[in-house]
Amino acid sequence: MAELMMSEQDIVNAICIDYSQKHNILPGEIEVELVYDDEEGFFAEIAHRGHKQVLGSFDMIQAIRYWIGETLNEDPYAAGIKLLLDREEGIIATIQ
């Protein structure tokens, strides 16, 4: 797989798709906010019908792996995924 840059919106979409699949709900019913903290690192805050959940970077990468398999039809475990903080783009991911 060629190197791919995944935008913040694509990461949010991947998390919505993965979370909706696991919880049998529609992706559009989920709100996701991506966060970076110097001490905690990367994480995502998810809200659905008044319920809130925090996903760590491992769970975010798993959601991206699901997205790679479903959207790109590539082997999600052959890809190297790295979350990055970009001053202009926000939270992005590189996939190799």
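Here are the numbers for this structure:
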quantity	calculated
Search result, residues across region 42-96 that are among the polar types (S, T, N, Q), closer than 14 Å to Ala2 by Cα and modelled with pLDDT of 95 or more	Thr94
Output for region 1-26, where each listed residue is open to solvent by 60 Å² or more (accessible area, probe 1.4 Å), of a type outside the set (Lys, Arg), assigned to a helix (DSSP H, G or I) and free of Cβ contacts under 8 Å to residues at least 24 places away in the same chain	Gln9
Region 43-74: number of residues that are part of a loop (DSSP other than H, G, I, E, B) and touching a residue at least 24 places away in the same chain (Cβ under 8 Å)	1
Failed item, numbered, when Met1 is tested on (1) at pLDDT 95 or above; (2) in contact with an Asp or Glu (Cβ under 6 Å, 6 or more places away or on another chain)	(1)
Region 44-94: number of residues that are open to solvent by less than 50 Å² (accessible area, probe 1.4 Å) and over 12 Å from the mean Cα position of the chain (by Cα)	7
Qualifying residue in region 32-50 (condition: out of contact with any strand residue (DSSP E or B) (no Cβ under 9 Å at 6 or more places or on another chain) and among the hydrophobic types (A, V, I, L, M, F, W, C))	no
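The values are calculated or read from the model by the stated rules, or taken from the named source; none is laboratory data. It should be emphasised that the depicted structure is a prediction, and the values quoted were computed from it without experimental measurement. Neighbour counts are summed over all protein chains in view; Cβ atoms, including those assigned to glycine, are modelled from backbone coordinates with ideal geometry. Quick note on the areas: whole protein, heavy atoms, side chains included, nothing else; ligands and nucleic acids left out. Shrake-Rupley method; radii C 1.70, N 1.55, O 1.52, S 1.80 Å.
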